[in-house]
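Written out below as structure tokens is the structure these notes cover.
What follows is calculated from the coordinates using simple rules that are stated; it is not laboratory data. Note that the structure is a prediction, hence the values are computed from the model and not measured. Glycine gets a Cβ as well: all are built from the backbone with ideal geometry, and neighbour counts include every protein chain shown.
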């Protein structure tokens, strides 16, 4: 059977996450849940530590996310849990209330800041629930792709700057992001050789294992291999005992501070929130950050995983947002981190053969059983190994390939991308994303998009015949008015084809070109056709199939639109799928 035929057969018998599905697909979902658990355990511990929370808090989040969201969301293959993309927000909140985590010893001040951050997370979860009830899932379509990628790349740079010291045995990682980046050479000169060796070996495994072509080797999660290698190394260096050693005439101290600290009894780690931070302005600033950035990342990840689902099942994003909000509320009430739909673990879930959302539940139950029954084994994991995992994750978010991918779409997209990165590093996430959007607006105005059309545009809908609607867009089709255009198309009868005429627009931006490509695929799956016409009088701003298009000045009065069904050579077509890239979706990183 060909791959295409296999996909067709899969799509005609779609597994469902209901009680019969639980029984029918038990062996697939349980096995995938176990394999995802192997990846999730070290990442949950490392992300929590990087957030200045107790390591066990990340496991709480994954357990609650796996069990609670399974019964609320209809997202069949996403894994819910803590993600590296939220580290910057959470650690910033804790620091704002006077905490710096376990790196320099867990003090009463750290505990107080942690509890206040939990109170902030509770309020943010309520906001997310309201988002879901008000059907705000469509807001993920508003943000321009290059600004979102810039935000993720900036998060990756911050993660590297904060976690590299942990990977080399330097406990001091205080300071702002730019300061930490500039201090990396100094920290490398003060590394602890034994701890740095564990971190280096971990990084070699993480970067090297994906390069191995053997399919059996590639089936083994790199994170699990890191843990299996790092624990014996930690035992060999006797990290569980406080002692000093000499290396090149320098004395170094090692001890339990370089191992993961988890309680022997999981119930003793439950921590209740302190809501006193909500009486301050900065508390509500962090509520907004938690709710907005967390919701955006979760929606983007869920959307990306839908595109990878072999059965092409579609997530109800409003329902999924509600599920994440409810689970975040429950997790924050017992001491857990904020969660999102996490893309790397979700991708692993697909690769491991999961069929339904119960794989997420099984992954949570395996985590619960492990931390409840063998917490002593978790305590043997070196913090350097967890730091290395996060450095690897940060590199994937901010790799040179990300810059190259954005530049290929167009130099103007790179300007938005870099502006967002600089804004995030210099100030914070919201300012960074806002600055990227502002630059995007300026570029649109420079490319002759009317100012009014940045927020609203005229759309005419005509029933061309008994089976076809013609939708004509005027002025501009850009990221900030796409929700309106999409709403007009989605209101049409579901048994009709649609001709989308863009001959009257001055500018079609990169984000809309991506959305149109996605919509074409959705129409095909529904046995309908979306014909995008009228782009033959527009100039592409780059050779990329999703590049922005602007109408040539010689055709400012508009040219006759092609006949119904006629396609322009510059339109997004199925050929665009031959150019894979990261544009338009979160990259395959642990966001």
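Placing a pseudo-label 7 Å from each Cα along the Cα-to-Cβ vector at residue 288 and residue 270 gives an inter-label distance of 3.5 nm.
Round to the nearest 0.05 the FRET efficiency obtained for residue 219 and residue 13 when R0 = 30 Å and r is the Cβ-Cβ distance. After rounding to 0.05, the efficiency reads 0.75.
Full extension of the chain between residue 174 and residue 442 yields a length gain of 92.8 nm, computed as 0.36 nm times the residue separation minus the alpha carbon distance.
Computed from Cα positions, the angle between helix 3-12 and the longest principal axis of the chain comes to roughly 90 degrees. Stokes-Einstein diffusion for the range 402-481, with the hydrodynamic radius set to the Kirkwood value over Cα pairs and evaluated at 25 °C in a medium of 0.890 mPa s, equals 168 µm²/s. With the largest listed first and rounded to whole Å, the semi-axes of the equivalent ellipsoid of the range 485-555 from the Cα gyration tensor are 24, 13, 10. In summary, the range 316-470 shows an alpha-carbon radius of gyration equal to 1.52 times the 2.2 N^0.38 Å reference for compact globular proteins.
The P(r) of the range 16-84 has a tail past 14 Å containing 62 percent of all C-alpha pairs.
Take every DSSP beta bridge whose two residues both sit in the chain; close to 60 percent of them are antiparallel. Of the peptides 249-256, 498-505, the ranking by mean beta-carbon count within 10 Å, highest at the top, reads 498-505, 249-256.
Which order do peptides 469-479, 392-402, 58-68 fall in by mean Cβ count within 10 Å, highest first?
Top to bottom by mean Cβ count within 10 Å: 58-68, 469-479, 392-402.
Here the peptides 92-98, 380-386 are ranked by packing, the mean other Cβ count within 10 Å, and the order with the highest first is 380-386, 92-98.
By the gyration tensor of its Cα atoms, with a ≥ b ≥ c the square roots of the eigenvalues, what is the shape of the range 174-315: rounded for a/c under 1.5, prolate for a/b over b/c, or oblate? Because a/c hits 1.5 or more and a/b fails to exceed b/c, the range 174-315 counts as oblate.
The Cα atoms of the range 200-278 give a gyration tensor whose axes a ≥ b ≥ c have a/c of 1.5 or more with a/b no greater than b/c, which makes the shape oblate. Compared with the dominant principal axis of the Cα atoms in the chain, helix 108-133 is inclined by about 20°. Roughly what angle does helix 317-334 make with the longest principal axis of the chain, taking Cα atoms, 0 to 90 degrees, to the nearest 10? That helix lies at roughly 20 degrees to the long axis. Quick one: grab the alpha carbon gyration tensor of the range 96-211, order the square roots of its eigenvalues as a ≥ b ≥ c, and give me rounded if a/c is under 1.5, else prolate or oblate depending on whether a/b is larger than b/c. In terms of gyration-tensor shape, oblate.
Specify, per residue and in Å³, the volume enclosed by the convex hull of the alpha carbon atoms belonging to the range 24-181.
About 141 Å³ per residue, rounded to a whole number.
As a length-normalised measure over Cα pairs under 8 Å and 6 or more apart, the relative contact order of the range 16-395 settles at 41 percent.
Annotation: average projected area of the range 308-399 is 8.0 square nanometres, based on the convex hull of Cα atoms across all directions. Using equal-weight Cα scatterers in the Debye expression, the normalised intensity of the chain in log10 at q = 0.10, 0.12 Å⁻¹ is -0.86, -1.20.
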